[in-house]
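Worksheet: the structure to be examined is printed underneath.
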Amino acid sequence: MPKLNQFKTLMLDEFEEEKFHLPPHSHTYYEIIYIKKGSGIHHINNNLLHYKAGDLFVISPDDKHYFDIKKSTRFIFIKFTDNYFNSKQNLTCDEFLIHTPENFMRDKILKETVLKFDEPCKTILRNTVENITKYDQYIDVANSPIVFYQILSIFGLIKETIRCMNLQMTSAHIDNEQIANYIHQNIYQPKQIQIKVIAAHFNIAQTYFSAYFKRTFAISYRDYIHNLRTTLIEKRFQNNQLPIKQIAYEFGFTDESHLTNYFKKKRNMKPTDFKKL
(Lines give C-alpha, C1' and ligand atoms only; values in the text may rest on other atoms or scores of the structure.)
Protein backbone atom coordinates (compact mmCIF):
# COMPACT_ATOMS: atom_id res chain seq x y z
CA MET A 1 0.00 0.00 0.00
CA PRO A 2 1.55 3.35 -1.02
CA LYS A 3 2.30 5.95 1.67
CA LEU A 4 2.25 9.53 0.42
CA ASN A 5 4.63 12.22 1.67
CA GLN A 6 4.36 15.99 1.89
CA PHE A 7 7.02 18.50 2.90
CA LYS A 8 5.16 21.83 2.79
CA THR A 9 3.42 22.51 6.10
CA LEU A 10 0.11 23.34 4.36
CA MET A 11 -1.15 22.60 0.86
CA LEU A 12 -4.53 22.90 -0.85
CA ASP A 13 -5.67 20.74 -3.72
CA GLU A 14 -8.98 21.04 -5.58
CA PHE A 15 -9.90 18.69 -8.43
CA GLU A 16 -12.79 16.78 -9.98
CA GLU A 17 -12.70 13.12 -11.02
CA GLU A 18 -14.96 10.36 -12.23
CA LYS A 19 -12.51 7.73 -10.98
CA PHE A 20 -10.27 8.37 -8.01
CA HIS A 21 -6.65 8.59 -9.14
CA LEU A 22 -5.17 6.81 -6.10
CA PRO A 23 -5.44 3.21 -4.87
CA PRO A 24 -5.92 2.51 -1.14
CA HIS A 25 -3.17 4.50 0.56
CA SER A 26 -1.99 6.29 3.70
CA HIS A 27 0.05 9.46 4.29
CA THR A 28 2.67 10.93 6.56
CA TYR A 29 0.50 14.05 6.88
CA TYR A 30 -3.11 15.02 7.74
CA GLU A 31 -6.01 15.80 5.42
CA ILE A 32 -9.32 17.62 5.70
CA ILE A 33 -11.40 16.53 2.71
CA TYR A 34 -14.48 18.50 1.66
CA ILE A 35 -16.89 17.13 -0.95
CA LYS A 36 -17.94 20.08 -3.11
CA LYS A 37 -20.10 17.99 -5.47
CA GLY A 38 -20.72 14.35 -6.38
CA SER A 39 -21.34 11.14 -4.49
CA GLY A 40 -19.84 7.75 -3.82
CA ILE A 41 -18.31 5.64 -1.08
CA HIS A 42 -15.35 6.59 1.08
CA HIS A 43 -13.40 3.48 2.11
CA ILE A 44 -11.55 4.26 5.34
CA ASN A 45 -10.03 1.74 7.73
CA ASN A 46 -12.35 -1.01 6.45
CA ASN A 47 -15.42 1.24 6.95
CA LEU A 48 -17.68 2.15 4.03
CA LEU A 49 -19.05 5.69 4.33
CA HIS A 50 -21.47 6.94 1.67
CA TYR A 51 -20.68 10.55 0.79
CA LYS A 52 -22.45 13.40 -0.99
CA ALA A 53 -21.93 17.11 -1.58
CA GLY A 54 -21.27 19.03 1.65
CA ASP A 55 -19.71 16.09 3.52
CA LEU A 56 -16.37 16.40 5.29
CA PHE A 57 -13.77 13.82 6.27
CA VAL A 58 -10.58 14.07 8.32
CA ILE A 59 -7.64 11.72 7.70
CA SER A 60 -4.63 11.14 9.96
CA PRO A 61 -1.38 9.23 9.24
CA ASP A 62 -2.89 6.22 11.04
CA ASP A 63 -5.59 5.85 8.38
CA LYS A 64 -5.76 4.08 5.05
CA HIS A 65 -8.44 5.14 2.59
CA TYR A 66 -9.61 5.75 -0.97
CA PHE A 67 -12.77 6.89 -2.76
CA ASP A 68 -15.10 4.78 -4.88
CA ILE A 69 -16.70 7.51 -7.00
CA LYS A 70 -20.27 6.87 -8.19
CA LYS A 71 -21.03 10.37 -9.49
CA SER A 72 -18.31 12.73 -10.71
CA THR A 73 -16.89 14.28 -7.54
CA ARG A 74 -15.15 17.56 -6.89
CA PHE A 75 -12.81 17.33 -3.91
CA ILE A 76 -11.11 20.03 -1.86
CA PHE A 77 -8.12 18.68 0.10
CA ILE A 78 -6.57 20.73 2.91
CA LYS A 79 -3.32 18.91 3.71
CA PHE A 80 -0.94 19.77 6.54
CA THR A 81 1.99 18.32 8.48
CA ASP A 82 2.64 18.21 12.23
CA ASN A 83 4.68 21.38 11.93
CA TYR A 84 1.70 23.44 10.76
CA PHE A 85 0.01 23.66 14.16
CA ASN A 86 3.24 23.34 16.16
CA SER A 87 4.62 26.47 14.52
CA LYS A 88 1.52 28.52 15.37
CA GLN A 89 0.97 27.73 19.04
CA ASN A 90 1.08 31.43 19.88
CA LEU A 91 -2.17 31.74 17.89
CA THR A 92 -3.86 28.71 19.41
CA CYS A 93 -6.35 28.74 22.30
CA ASP A 94 -5.85 26.53 25.36
CA GLU A 95 -8.46 24.01 24.24
CA PHE A 96 -6.55 23.18 21.08
CA LEU A 97 -3.27 23.00 22.97
CA ILE A 98 -4.73 20.35 25.29
CA HIS A 99 -6.56 18.42 22.56
CA THR A 100 -4.41 19.09 19.52
CA PRO A 101 -6.11 19.09 16.10
CA GLU A 102 -3.81 16.24 15.06
CA ASN A 103 -4.94 14.03 17.94
CA PHE A 104 -8.54 15.13 17.42
CA MET A 105 -8.32 13.86 13.83
CA ARG A 106 -7.29 10.41 15.02
CA ASP A 107 -10.53 9.82 16.91
CA LYS A 108 -12.17 6.57 15.87
CA ILE A 109 -15.66 8.02 15.69
CA LEU A 110 -14.62 10.27 12.78
CA LYS A 111 -13.70 7.18 10.75
CA GLU A 112 -16.97 5.38 11.39
CA THR A 113 -19.54 8.15 10.93
CA VAL A 114 -20.48 10.63 8.24
CA LEU A 115 -21.01 13.92 10.05
CA LYS A 116 -24.42 15.51 9.47
CA PHE A 117 -23.90 19.27 9.35
CA ASP A 118 -27.17 21.10 9.98
CA GLU A 119 -27.76 24.79 9.30
CA PRO A 120 -26.12 27.14 9.91
CA CYS A 121 -23.02 24.89 10.31
CA LYS A 122 -23.44 23.46 6.80
CA THR A 123 -23.37 26.90 5.16
CA ILE A 124 -20.56 28.16 7.40
CA LEU A 125 -18.47 25.10 6.53
CA ARG A 126 -18.98 25.58 2.79
CA ASN A 127 -18.13 29.28 3.01
CA THR A 128 -15.08 28.62 5.18
CA VAL A 129 -13.64 26.05 2.77
CA GLU A 130 -14.31 28.39 -0.17
CA ASN A 131 -12.62 31.26 1.68
CA ILE A 132 -9.51 29.15 2.24
CA THR A 133 -9.32 28.14 -1.43
CA LYS A 134 -9.74 31.77 -2.52
CA TYR A 135 -6.94 32.89 -0.19
CA ASP A 136 -4.74 30.22 -1.77
CA GLN A 137 -4.94 32.10 -5.08
CA TYR A 138 -3.40 35.26 -3.66
CA ILE A 139 -1.21 34.51 -0.64
CA ASP A 140 1.02 31.89 0.92
CA VAL A 141 -1.66 30.12 2.96
CA ALA A 142 0.91 28.22 5.03
CA ASN A 143 1.97 31.46 6.74
CA SER A 144 -1.39 33.20 6.91
CA PRO A 145 -2.92 33.71 10.40
CA ILE A 146 -6.31 34.30 8.73
CA VAL A 147 -6.22 30.91 7.02
CA PHE A 148 -5.01 29.32 10.25
CA TYR A 149 -8.07 30.63 12.11
CA GLN A 150 -10.31 29.53 9.26
CA ILE A 151 -8.94 25.98 9.59
CA LEU A 152 -9.41 26.06 13.35
CA SER A 153 -13.02 27.09 12.79
CA ILE A 154 -13.56 23.88 10.80
CA PHE A 155 -12.63 21.90 13.90
CA GLY A 156 -15.09 24.01 15.87
CA LEU A 157 -17.84 23.12 13.38
CA ILE A 158 -16.94 19.43 13.64
CA LYS A 159 -17.14 19.57 17.43
CA GLU A 160 -20.50 21.33 17.31
CA THR A 161 -21.87 18.73 14.88
CA ILE A 162 -20.60 15.88 17.04
CA ARG A 163 -22.38 17.43 20.01
CA CYS A 164 -25.64 17.80 18.05
CA MET A 165 -25.40 14.18 16.88
CA ASN A 166 -24.86 13.02 20.49
CA LEU A 167 -21.64 11.25 19.53
CA GLN A 168 -18.98 10.57 22.15
CA MET A 169 -15.36 11.05 21.21
CA THR A 170 -12.77 8.95 23.00
CA SER A 171 -10.64 12.01 23.73
CA ALA A 172 -13.46 14.32 24.81
CA HIS A 173 -11.92 15.19 28.16
CA ILE A 174 -8.83 14.72 30.27
CA ASP A 175 -9.23 12.56 33.37
CA ASN A 176 -6.75 13.97 35.90
CA GLU A 177 -7.08 10.88 38.05
CA GLN A 178 -5.98 8.79 35.09
CA ILE A 179 -2.93 11.02 34.66
CA ALA A 180 -1.96 10.48 38.29
CA ASN A 181 -2.58 6.74 38.02
CA TYR A 182 -0.47 6.55 34.88
CA ILE A 183 2.44 8.25 36.66
CA HIS A 184 2.22 5.96 39.69
CA GLN A 185 2.08 2.87 37.49
CA ASN A 186 5.06 3.93 35.39
CA ILE A 187 7.27 5.65 37.97
CA TYR A 188 9.63 2.67 37.79
CA GLN A 189 10.16 3.19 34.05
CA PRO A 190 11.75 6.63 33.49
CA LYS A 191 11.18 6.58 29.73
CA GLN A 192 7.42 6.08 30.17
CA ILE A 193 7.06 9.23 32.25
CA GLN A 194 9.02 11.50 29.95
CA ILE A 195 6.89 14.51 29.05
CA LYS A 196 6.77 13.63 25.37
CA VAL A 197 5.51 10.12 26.18
CA ILE A 198 2.86 11.00 28.77
CA ALA A 199 1.68 14.01 26.74
CA ALA A 200 1.19 11.81 23.69
CA HIS A 201 -0.58 9.17 25.80
CA PHE A 202 -3.20 11.71 26.96
CA ASN A 203 -3.41 13.68 23.71
CA ILE A 204 -1.98 16.85 25.24
CA ALA A 205 0.42 19.03 23.27
CA GLN A 206 3.94 18.32 24.53
CA THR A 207 4.84 22.01 24.73
CA TYR A 208 1.73 22.68 26.83
CA PHE A 209 1.79 19.67 29.13
CA SER A 210 4.03 21.14 31.88
CA ALA A 211 1.93 24.31 32.19
CA TYR A 212 -1.29 22.28 32.21
CA PHE A 213 0.05 19.89 34.86
CA LYS A 214 1.21 22.67 37.18
CA ARG A 215 -2.08 24.53 36.89
CA THR A 216 -4.05 21.34 37.55
CA PHE A 217 -1.97 19.72 40.30
CA ALA A 218 -0.48 22.89 41.88
CA ILE A 219 3.04 21.49 41.52
CA SER A 220 5.44 21.27 38.62
CA TYR A 221 5.58 17.98 36.78
CA ARG A 222 9.29 17.57 37.53
CA ASP A 223 8.80 18.17 41.27
CA TYR A 224 5.84 15.78 41.35
CA ILE A 225 7.92 13.02 39.75
CA HIS A 226 10.91 13.64 42.03
CA ASN A 227 8.76 13.75 45.17
CA LEU A 228 6.94 10.55 44.27
CA ARG A 229 10.10 8.68 43.32
CA THR A 230 11.96 9.82 46.44
CA THR A 231 9.05 8.89 48.72
CA LEU A 232 8.85 5.41 47.23
CA ILE A 233 12.61 4.95 47.53
CA GLU A 234 12.42 5.98 51.20
CA LYS A 235 9.79 3.31 51.80
CA ARG A 236 12.09 0.73 50.25
CA PHE A 237 14.88 1.84 52.54
CA GLN A 238 12.61 1.76 55.59
CA ASN A 239 11.62 -1.83 54.86
CA ASN A 240 15.36 -2.57 54.95
CA GLN A 241 14.85 -5.81 53.04
CA LEU A 242 16.34 -4.97 49.64
CA PRO A 243 19.95 -4.03 48.83
CA ILE A 244 20.47 -0.55 47.41
CA LYS A 245 21.66 -2.08 44.15
CA GLN A 246 18.32 -3.83 43.64
CA ILE A 247 16.33 -0.71 44.52
CA ALA A 248 18.39 1.25 42.00
CA TYR A 249 17.53 -1.31 39.32
CA GLU A 250 13.84 -1.23 40.26
CA PHE A 251 13.60 2.54 39.73
CA GLY A 252 15.56 2.61 36.50
CA PHE A 253 18.85 4.03 37.81
CA THR A 254 21.96 2.98 35.95
CA ASP A 255 23.67 1.69 39.11
CA GLU A 256 23.86 2.04 42.90
CA SER A 257 26.07 5.12 42.64
CA HIS A 258 23.50 6.89 40.47
CA LEU A 259 20.76 6.24 43.06
CA THR A 260 23.02 7.33 45.92
CA ASN A 261 23.81 10.64 44.23
CA TYR A 262 20.14 11.21 43.38
CA PHE A 263 18.97 10.53 46.93
CA LYS A 264 21.70 12.65 48.48
CA LYS A 265 20.68 15.56 46.26
CA LYS A 266 17.01 15.22 47.25
CA ARG A 267 17.36 14.42 50.95
CA ASN A 268 20.81 15.78 51.73
CA MET A 269 22.01 12.41 53.05
CA LYS A 270 23.23 9.09 51.76
CA PRO A 271 20.90 6.10 51.60
CA THR A 272 23.05 4.28 54.14
CA ASP A 273 22.59 7.16 56.61
CA PHE A 274 18.83 7.28 55.97
CA LYS A 275 18.49 3.53 56.64
CA LYS A 276 20.03 4.06 60.09
CA LEU A 277 17.34 6.53 61.15
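The values are calculated or read from the model by the stated rules, or taken from the named source; none is laboratory data. Quantities reported herein were computed from a predicted structural model and do not represent experimental measurements. Methodologically, a virtual Cβ is constructed for each residue, glycine included, from the backbone with ideal geometry; neighbour enumeration extends over all protein chains shown. Remember, those area values only see protein heavy atoms, side chains included, never the ligands or the DNA or RNA. Shrake-Rupley method; radii C 1.70, N 1.55, O 1.52, S 1.80 Å.
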Farthest toward the dipole's positive end in the chain, which of Thr73, Ser153, Tyr29, given Cβ charges of +1 (Lys, Arg) and -1 (Asp, Glu) about the Cα centre? Tyr29
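So, R0 is 25 Å and r is the distance between the beta-carbons of Leu242 and Val197; what FRET efficiency does that work out to, to 0.05?
E(calc), rounded to 0.05, equals 0.40.
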Rounded to the nearest 0.05, what FRET efficiency do His21 and Ile124 have when you use their Cβ-Cβ distance and R0 = 25 Å? 0.25
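Can you quote the Å³ per residue value for the convex hull of the Cα atoms in the stretch 6-52, rounded to an integer?
100
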Please give the contour-minus-distance gain from Tyr135 to His184: 0.36 nm per residue of separation, less the Cα-Cα distance, rounded to one decimal in nm. 12.7 nm
Sites removed, the longest contiguous part of the chain containing no DSSP-loop chymotrypsin sites (Phe, Trp or Tyr not before Pro) with at most 13 other Cβ within 10 Å is 139-277
I'd like to verify something in the chain: which complete DSSP H helices, judged by Cα projection on the helix axis, reach 24 Å or more and average at least 0.5 on the Kyte-Doolittle scale? 145-164
If the chain between Asn46 and Tyr149 were fully stretched, how many nm would it gain, using 0.36 nm times the residue separation less the Cα-Cα distance? 33.8 nm
Over the stretch 171-232, what percent of the accessible surface lies on carbon and sulfur atoms, probe 1.4 Å? 48
Mind checking which lysines have their Cα closer than 24 Å to the Cα of Lys3? Skip sequence neighbours fewer than 8 apart in that chain. Lys19, Lys64, Lys79, Lys108, Lys111
Amide H to amide H under 5 Å from Glu14: which residues, 5+ apart in sequence or cross-chain, H placed 1.01 Å off N in plane? Phe77
Mind grabbing the accessible area of Cys164 for me, 1.4 Å probe, Å², rounded to tens? 80
Rounded to the nearest 0.05, FRET efficiency between Asp255 and Asn83 (Cβ-Cβ, R0 41 Å) equals 0.55
At q = 0.12, 0.16 Å⁻¹, what log₁₀ I(q)/I(0) does a Debye calculation on the Cα points of the chain give, no solvent, two decimals? -0.81, -1.20
